[in-house]
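These notes are about the structure you will find just below.
The values are calculated or read from the model by the stated rules, or taken from the named source; none is laboratory data. Keep in mind the model is a prediction, meaning the values are calculated, not measured. All Cβ positions, even for glycine, are placed from backbone atoms using ideal geometry, and neighbour counts span all protein chains on display. In case anyone asks, the SASA skips ligands and DNA or RNA and just uses the protein heavy atoms, side chains included. Shrake-Rupley method; radii C 1.70, N 1.55, O 1.52, S 1.80 Å.
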Amino acid sequence: MSKQRSRRAFLAAGGGAALGGCVFLGTSPGLFGESQRGPTADVLAAGSLVVVIDEQVGPAFGRDTGFGYRGEFRGSNAIMRLVEGEHKHPDVVVSADAGLLREALVPDHAAWSVVFAANEVGITYNPETRVGDRLAAGEPWYRVLADSRVGAGRTDPNLDPLGYRTTMLFDLAERYYDQPGLAADLRTNSTVAARESHLLAGVEAGGRPAAYCYRNMAVDHDLPFVELPPKLNFANPDYTDHYATASYTTDQGTTITGRPVLYAATVPNNARNPEAGRRFVQYLLENPDVLRRNGLTVPESLPKSSGQLPQELRSVVEADS
Amino acid sequence: MPARDGWLSGWTPFVVLGAVLFAYVCYPFVAFVWQLDSFDSAVATDPATLSAVRYSLTTAPVATALATVFGVPLAYVLARSSFRGKAVVEALVIVPLVLPPVVAGLLLLTGFGSLTPVGSLARSVGISLTDSYVGIVLAQTFVASPFVVVTSRSGFAGVDDQLEEAARSLGSDPVATFWNVSLPLARNSILAGVVLTFARAVGEFGATMMVAYHPHTMPVQIWVAFGSRGLDATVPLVVLLALIGFSVVFALHALGRTPTLTR
């Protein structure tokens, strides 16, 4: 019995020491070369911006301003629910849908919002396929992709904005090119991918010759991008009314009308480091070239604010417009 | 296993049925390796990867210890006593297994978020319960603890209670009886539960990414790397998690061979 007791004491001491070591290694800062820095801007941003913000804007912001940066990426709908429900208290919220951010957060959770970039809907393709050859040669995209053998990819219109914008694009294209029946052909001759992330993986691997996607997705994956006329690409805020002539009714019966792909940012009222948050938004507004390099578009009409903008941001927005 | 001559004769149904599941589980791994373009060794030494390994390996053991220290006594109570509302307690213990981890994460945020009473109390003493080391441990403990409770409970149920009565009739108090009789006899089940709890904690993703997206653990880092750089960037972490999985199996195997009085 005493032998067992001493063995247990030994095990307990060893286990306790190991756990203590775990807590120490896990909680002490500065290990593994991390340094403590100034107040950190916690950025909660749309998933489609993970490359541009997490790998470009964020680190550059840290270098240039002395503030820390920490990014978290989710679907825009989930972001709004998390902030509305007070589950998360980020210093900056970035949404891939400017209207959604305004409706969900202003004025209860944020006093203002600013639209800082746009994205365009278009077509990406695998250059090593026949379809890729035809698109690269300049054959009109709607003729190539209305072909029943192509099977271009798109996302589910019931699940994400890219999906319903793609079906709206079909409707707009039918009128724009004056080709009766085109929308139905494009719809039936394309296949629905499970998720945005899988859409371009299929094109890269060659299993899918082409896909409807946002421009920055093609840039992120180093794939070619076929630009569409501004009246079809959902990127120009001046055509807001024109985009609104297309609509999509989801399986649940909600009707969504077309609107431009505009990215908006705000600093919520209960941000923990609002100063760092405002500085981050200012940095976004001051560096449109980083955004452009990563496939976003920043037309002349942006940035555009709504609500009572904080002083330090007002000067940036006004200087631009 | 019978001898070499015609070993298939009596075993065929088992082998065939088992092979189906085995092939089903193996196939995705083969497909995963098949789809990889290249192994980028730079990813393995990337600071983000190393940091994720650090946080996973320093949180999961602590979560496992917490679940064990509080879960084994609970299992003993559930196995040995009956009281009003016992069924409710048992059901609540199992609930984290049934809940999608994302929901578990939302529940934890509702209870421990930084503006909740508990969260602000912790903040006032300098401890952040979300997006922190503590947040990871909270999420892992919540989701993984049922494993050690359930397996320990069935271990205690398998201990002949006449042995405990004998110990008590010889003057041993309940704590000493638990410590010297019940615990050693249920040891294998408890350890199996500990191993399963650790495995669940180290692989926990859904609740962790709600409660503590930062600092990234290995599962969260895999998700982030896949989202930004694709499948190839996840390989080192997937390999490491798979190795941890194998270690868990070997640990279980070693435990299974240790003879105890429960059999």
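Observations on the model:
- B:LYS86 accessible area, 1.4 Å probe, all protein chains in place, Å² to nearest 10: 40 Å²
- For trypsin sites (Lys or Arg not before Pro), the sites in the stretch A:18-104 that DSSP calls loop and that have at most 12 other Cβ atoms within 10 Å are A:ARG37.
- As a calculated quantity, the FRET efficiency between B:LEU97 and A:ASP108 at R0 = 45 Å, using C-beta atoms, amounts to about 0.80.
- Cα-projected label distance for B:SER172 with A:GLU139, points at 7 Å along beta-carbon direction, nm: 8.3 nm
- Most mobile of B:VAL53, B:VAL103, B:VAL72 in a GNM of chain B (Cα contacts under 10 Å): B:VAL103
- Solvent-accessible area per residue in the stretch A:18-151 equals 40 Å², computed with a 1.4 angstrom probe and all protein chains kept.
- Span from the the stretch A:118-169 Cα centroid across to the the stretch B:32-93 one, whole angstrom: 43 Å
- Eligible aspartates and glutamates near A:LYS88 by straight Cα distance, threshold 16 Å, same-chain separation 8 or greater: A:ASP42, A:GLU72, A:ASP108, B:ASP131
- Ligands, DNA and RNA excluded, the heavy atoms of B:PHE83 present near 90 Å² of accessible surface to a 1.4 Å solvent probe.
- Spin-label pair A:THR240-B:LEU121: with each label point 7 Å from Cα along the Cα-Cβ axis, the two points sit 4.8 nm from one another.
- Here A:GLU86 sits with roughly 90 square angstrom of accessible surface, probe radius 1.4 Å.
- Distance between the C-alpha centres of the stretch A:189-262 and the stretch B:119-194: 52 Å, rounded to the whole angstrom.
- Shown are A:TRP112, B:TRP34, B:TRP223, whose ranking by accessible area with a 1.4 Å probe and every protein chain present, most to least, is B:TRP34, B:TRP223, A:TRP112.
- For the protein assembly as shown, the residue among A:ALA18, A:LEU232, A:THR166 whose Cα projects farthest onto the positive side of the dipole built from Cβ charges is A:ALA18.
- Distance (nanometres) between label positions extended 7 Å along Cα→Cβ at A:ARG293 and A:THR255: 4.5 nm
- Cα gyration tensor, the stretch A:117-224 - rounded (a/c under 1.5), prolate or oblate: rounded
- Relative contact order for chain B: 27 percent, from Cα pairs under 8 Å spaced at least 6 residues apart, divided by residue count.
- Proximity of backbone amide H atoms, modeled 1.01 Å from N, is registered between B:TYR213 and B:ASP131 at under 5 Å, excluding neighbours fewer than 5 places apart on the same chain.
- Computed from the C-beta positions of B:ALA42 and A:SER306 and an R0 of 51 Å, the FRET efficiency is 0.70 to the nearest 0.05.
- Point-charge dipole on Cβ atoms (K/R +1, D/E -1) for chain A, about Cα centre, debye to 20: 1480 debye
- If you sort A:SER306, A:SER95, B:SER154 by accessible surface, 1.4 Å probe, largest first, the order is B:SER154, A:SER306, A:SER95.
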